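Note sheet for the following structure.
Read-outs throughout are calculated quantities, based only on the coordinates presented, and are distinct from any laboratory measurement. Note that this is a predicted model, so its numbers are computed, not measured. Using ideal geometry, Cβ is built from the backbone for each residue, glycine included, and neighbour counts are taken over all protein chains shown.
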Amino acid sequence: MTLLEIFPSLRSGMLSPRLDATIWPCETHYDDLGRITIGGVALADIADQYGTPVYVLDESEVRRRCRAYRKYFPDAEIIYAAKALLTKSVAAWVAEEGLSVDVCSGGELAIALAAGVDPQRIMLHGSGKPFAELEAAVHAGVGRIVVDSITEITLLAAVATRPQQVLLRLSPDIDVHGHPAVRTGVADQKFGFPLGSVAAVDAIDRIMRQPMLELVGLHCHLGSQIHDPDFYGEAVRRLIAEMSRVRAEYGRTLPQLDLGGGHAVAYRCGDAEMNLPVLADIVEDSLDAACALNHFPRPQISLEPGRAIVARAGVTLYRVMAVKHVEGGHTFVIADGGMNDNPRVALYGARYDAVVANRHPTGPHMTATVAGRYCEAGDILAADVSLPADLRPGEVLAVPCTGAYHHSLASTYNGVGRPPIISVRNGRCHEQIRRETSADLLARDLG
Ligand code: LLP
């Protein structure tokens, strides 16, 4: 008999190394029954009540991350990148915490507006914004639109009936060496205009000639999962030099510089993540130096974190469907979710941890691969993780750090509806998004 079995109360408040605070919400504990709790709610209870798979979202963790950004960047505008995760409640939380919201479609715009976000604090992005969405944004009175193409300048000029603030997206040719799918700072990619290119000069020129478009700043987004803050220092240097050139050419001092998002989070213990105070120092120092060098007044800095606000607040729960020991091969734990609720493994080769949530395992462990239920061999959730050797069907698995780009990337492959989002706070649950049913899928099928 172990000490924990004799004194179950030792478990509460105890964080085992498997529940490392860098990948789990701060309010993650084991309760007296050995079950993992978040925000005071046992994950196994959520699985029982709402079914599995299910996304759990810790409201306090989202708010804590917003506050961390505001603390370390007191003078900057923090614009939450809604593409990471957007529900009406999430939009309301981040707005209450003083963040603005970046949306990249008419759908995201509608959700932010429905949540009561002040349109002036909404920024619209997108590499191919349809005319109707530009129109909706302008009519809603969104604060700023980030221009991504020449066509868009023409469309915007046609739609704007009052002055519309815009930023121009430039790629500063900074290679953060990330996954090719999310490397956006290099010159040769689809977003914006390469800094210093003929096309970029032309775009600035065209915006300046449109009476209803007011160019207020430059924008760049270097990529995803960036943990080296020096890349942002380099972006500041290159973009301030360009802002100085614009001033020399047009006599206009652009007041805003948006450095995009991309701040890395840890998905597994030991993964590198962005250090916010260090990033703040580097942005500050490079801004001082670049502004002094170019005799340019300090612009207002904006940052657009998405993942770093919500990733760690989310945990996905699955029920174990089967455990298979392949002779001479892997042990597969088959979960009742997979690539529909987490396509990041198949898309980017992302790696995750998985732990059993309905009991605190104290016995021997096995190395296993958690695979999904979908009809593809690549439907893997967590490869080579350590799980209890006596894991049984029906037990609940929790995969941490699934708050960003999980629900927002989810699909209905194999005719399986998307999971619900249940937020937790102070021991209570709130069903934010309900499970998508077969009836929902059939409702779109007009026969
Ligand atoms: N700003 C812009 C203009 C962006 O395009 C993005 C992300 C962000 C901000 C927020 O980046 P974050 O801080 O969340 O890294 N599906 C991929 C990520 C795609 C990111 C696209 N743009 C993934 O799951 O890793």
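For residue 392 and residue 269, calculate 0.36 nm times their separation in residues minus their Cα-Cα distance, and state this gained length in nm to one decimal. Spell out each step's value before the answer.
On the way: separation 123, 0.36 × 123 = 44.28 nm, distance 2.51 nm.
So the extension gain works out to 41.8 nm.
Restricting to DSSP H runs of at least four residues, report the calculated mean residue ellipticity at 222 nm for the chain, -39500 (n - 2.57) per run over all residues, nearest 500 deg cm²/dmol. Please report the intermediate quantities before stating the final value.
Values: 13 runs with 131 residues, N = 447.
Calculated mean residue ellipticity at 222 nm is -8500 deg cm²/dmol.
How much length is gained if the chain between residue 21 and residue 140 is pulled fully straight, taking 0.36 nm per residue apart and subtracting their Cα-Cα distance, in nm to one decimal? Before the final figure, lay out the partial values.
Working: separation 119, 0.36 × 119 = 42.84 nm, distance 4.02 nm.
Between residue 21 and residue 140, full extension yields an extra 38.8 nm.
Using a ≥ b ≥ c from the Cα gyration tensor of the chain (square roots of the eigenvalues), is it rounded, prolate or oblate, where a/c under 1.5 gives rounded and otherwise the larger of a/b and b/c decides, a/b for prolate? Before the final figure, lay out each step's value.
Details: a/c = 2.15, a/b = 1.82, b/c = 1.18.
Note, shape of the chain comes out prolate.
Cross-link reach is defined here as a Cα-Cα straight distance under 18 Å, omitting same-chain residues fewer than 8 places apart; for residue 190 the aspartates and glutamates meeting it are 148, 152, 173, 175, 202.
Taken along the Cα-to-beta-carbon direction at a fixed 7 Å, the label points for residue 250 and residue 33 span 6.2 nm.
For the chain, the longest principal axis of the Cα atoms and the long axis of helix 150-159 meet at an angle of about 80 degrees. Residues in segment 114-128 carry Karplus couplings, in order, of 5, 7, x, 5, 4, x, 4, 9, 9, 10, 9, 10, x, 8, x Hz; the curve used is 6.51 cos²θ - 1.76 cosθ + 1.60 with θ = phi - 60°, and Gly or Pro positions show x.
Each label was represented as a point 7 Å from its Cα along the Cα-to-Cβ direction; for residue 300 and residue 202 these points are 3.2 nm apart.
Between the Cα long axis of helix 59-72 and the first principal axis of the chain there is an angle of about 40°, rounded to the nearest 10.
In the chain, the longest principal axis of the Cα atoms and the axis of helix 198-208 are about 70 degrees apart.
For the pair residue 289 and residue 367, the difference between a 0.36 nm per residue extended length and the Cα-Cα distance amounts to 23.0 nm. When 208, 339 are arranged by Cβ crowding within 10 Å, least crowded first, meaning fewest neighbours, the order is 208, 339. Model label points for residue 430 and residue 190, set 7 angstrom from Cα along the Cα-to-Cβ axis, are 3.5 nm apart.
In straight-distance terms, cross-link reach from residue 71 covers every one of the lysines whose alpha-carbon lies under 24 Å from its own, apart from those fewer than eight places away in the same chain; here that gives 83. The aspartates and glutamates whose alpha-carbon is closer than 16 Å to the alpha-carbon of residue 88, local same-chain residues fewer than 8 away aside, are 58, 59, 96, 97, 102, 108, 118, 431. Near the amide H of residue 100, within less than 5 Å, lie the amide hydrogens of 78, 79, 80, all on another chain or at least 5 residues away, with H placed in the peptide plane. Placing R0 at 45 angstrom, the Cβ-Cβ distance between residue 445 and residue 234 gives a FRET efficiency of 0.35 after rounding to 0.05.
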